[in-house]
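Please treat every number below as a calculation from the coordinates, not as lab data. Computed from a prediction, not measured in an experiment: that's the story for all the values here. Because the Cβ atoms are built from the backbone with ideal geometry, glycine has one as well, and the counts that use them run over all protein chains shown.
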Amino acid sequence: MSTLNIINKSPFEKRTLDQCLKRIGAGDSVLLIEDASISAVSGTAFTEQLTAAAAQSKLYVLQPDLQARGFNDASLLDSIESVDYEGFVNLVVTHERVHSWL
Amino acid sequence: MKLAVLVNEGPYQHQASDSAYQFVTAALRTGHEVMRVFFYHDGVNNGTRLTTPPQDDRHIQKRWSALAQEHNVDLVLCVAACQRRGLVDEGEAKRNSKDATNIAPGFRISGLGQLIEAGVEADRLVTFGD
Amino acid sequence: MEEEEYQGGEVKKFLYVNRRLPHGTIYALESLETVLIGAAFDQDVSMLFVDDGVYQLKKEQAPESIECKNFSKTYRALEMYDVEKLFVERESLEERGLAIDDLLVDVELIASSDVKALVDEHDVILSF
């Protein structure tokens, strides 16, 4: 039973990332979109937390959102996979349900 | 797969409507069916035909309307949310004695039941909001 | 609210996740409207209150003071719509200095670590 969790808030502004990560478990995935995409950049205050989360959940970032904000795949944490919108659709299809943490 | 989308924010203010649009077009491109896009909360503001964004900017409403026309995507605005925010079609104008309509082509106003129905009938429901 | 009925016959398990305070934004009120419609469509409806969502159930709300509708009474009427599964996360209450006695309806307390299992039981997750 797996859930695709979508986060769209900057972790520097809202606690959504934290609130989501502490309530998900094995088999669940997290997709970082919109303002949350910048969480996927390495060397931030959230790097450690995301690296730890990646041990039990698959983490993805929506590449166009990251690119729009001035970052590319080279800036990403190793544990985070970059997807485009088609990849986003594929994640929705391959998980049993979608939970948008608004 | 049969997908449905919920949009909870209006155009321009928040990226939600843009993200939803990109998601829907990618889903159609990859051979999935998008049975409905339901607009709720301020999301109903995507359905007014009276916006005039600057020419060098995207036209969010026209983009949605084109999607409805070209791919038969059902664009539904929540009636209760519309009444609160002044989104009006012919029926609503008559019912609530309004002197104008502003609904854009391809959109229709209906009840929240359409959201529940989308949740039941689609294989996945994806929400975009703030 | 207009009368609507779903003819399809299929029943899915809907989980409404409420994470925001009432009154500051309209999400709590409009979510509640969705819950009622979902129940009227004979769907299996559960509600989960976590983070600031627990404030939606706080007793003694008096938004008349800001000329807003007091919809908190509607949570008490949920039972009449067969919406009986209200879950509240214990940690969210504790973080905010609240206890179960501060809430205006009977709820089931669950631990943060149980949220995943609850989500996994449901087909559709709606969070506004």
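Structure summary
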{"item": "Prolate/oblate/rounded call for chain C, Cα gyration tensor, a/c under 1.5 rounded", "result": "oblate"}
{"item": "Whole-Hz ³J(HN,Hα) from phi, Karplus 6.51 cos²θ - 1.76 cosθ + 1.60, for segment B:15-32, glycine and proline x", "result": "6, 3, 5, 5, 4, 4, 4, 4, 5, 5, 5, 5, 5, 5, 4, 9, x, 8"}
{"item": "For peptides C:14-21, A:87-94, sequence by mean Cβ density within 10 Å, most packed first", "result": "C:14-21, A:87-94"}
{"item": "Highest-first arrangement of C:102-108, B:13-19, where packing means the average Cβ count within 10 Å", "result": "B:13-19, C:102-108"}
{"item": "Spin-label pair A:N90/C:E121, simplified geometry with 7 Å Cα→Cβ offset, distance in nm", "result": "3.4"}
{"item": "Cα shape, segment C:50-92, gyration tensor, a/c 1.5 rule", "result": "oblate"}
{"item": "Degrees, to the nearest 10: B:60-71 long Cα axis against longest axis of chain B", "result": "60"}
{"item": "Environment charge of B:E70, counting only residues whose C-beta is closer than 15 Å and scoring Lys/Arg +1, Asp/Glu -1", "result": "+1"}
{"item": "Lys, Arg +1 and Asp, Glu -1 on Cβ, resulting dipole of chain A about Cα centre, debye, nearest 20", "result": "380"}
{"item": "Estimated [θ] at 222 nm from DSSP helical runs (n ≥ 4, -39500 (n - 2.57)) normalised by residues in chain B, nearest 500", "result": "-10500 deg cm²/dmol"}
{"item": "Gaussian network model of chain B, springs between alpha carbon atoms under 10 Å - residue of B:T52, B:T25, B:T101 with greatest fluctuation", "result": "B:T52"}
{"item": "Nearest-0.05 FRET efficiency for B:K2 and C:D106, computed from C-beta distance (R0 45 Å)", "result": "0.75"}
{"item": "Rounded, prolate or oblate (a/c below 1.5 giving rounded, otherwise prolate when a/b exceeds b/c) for chain B by Cα gyration tensor", "result": "oblate"}
{"item": "Chain C, dipole about Cα centre (Lys/Arg Cβ +1, Asp/Glu Cβ -1), debye to the nearest 20", "result": "380"}
{"item": "Helix-only CD estimate at 222 nm, as mean residue ellipticity for chain A, using -39500 (n - 2.57) per DSSP H run (n ≥ 4)", "result": "-7000 deg cm²/dmol"}
{"item": "Positive-end residue, chain C charge dipole about Cα centroid, Cβ charges, pick of C:L118, C:A99, C:N70", "result": "C:A99"}
{"item": "Counting DSSP beta bridges with both ends in segment B:29-130, the antiparallel % (nearest 5)", "result": "10"}
{"item": "Links that overshoot a 23 Å alpha carbon limit, given the list B:K98/C:K73; A:K9/C:K85; C:K13/C:K69; B:K2/C:K13", "result": "B:K98/C:K73; A:K9/C:K85; C:K13/C:K69"}
{"item": "Percentage relative contact order, chain A, counting C-alpha pairs under 8 Å, at least six apart", "result": "37"}
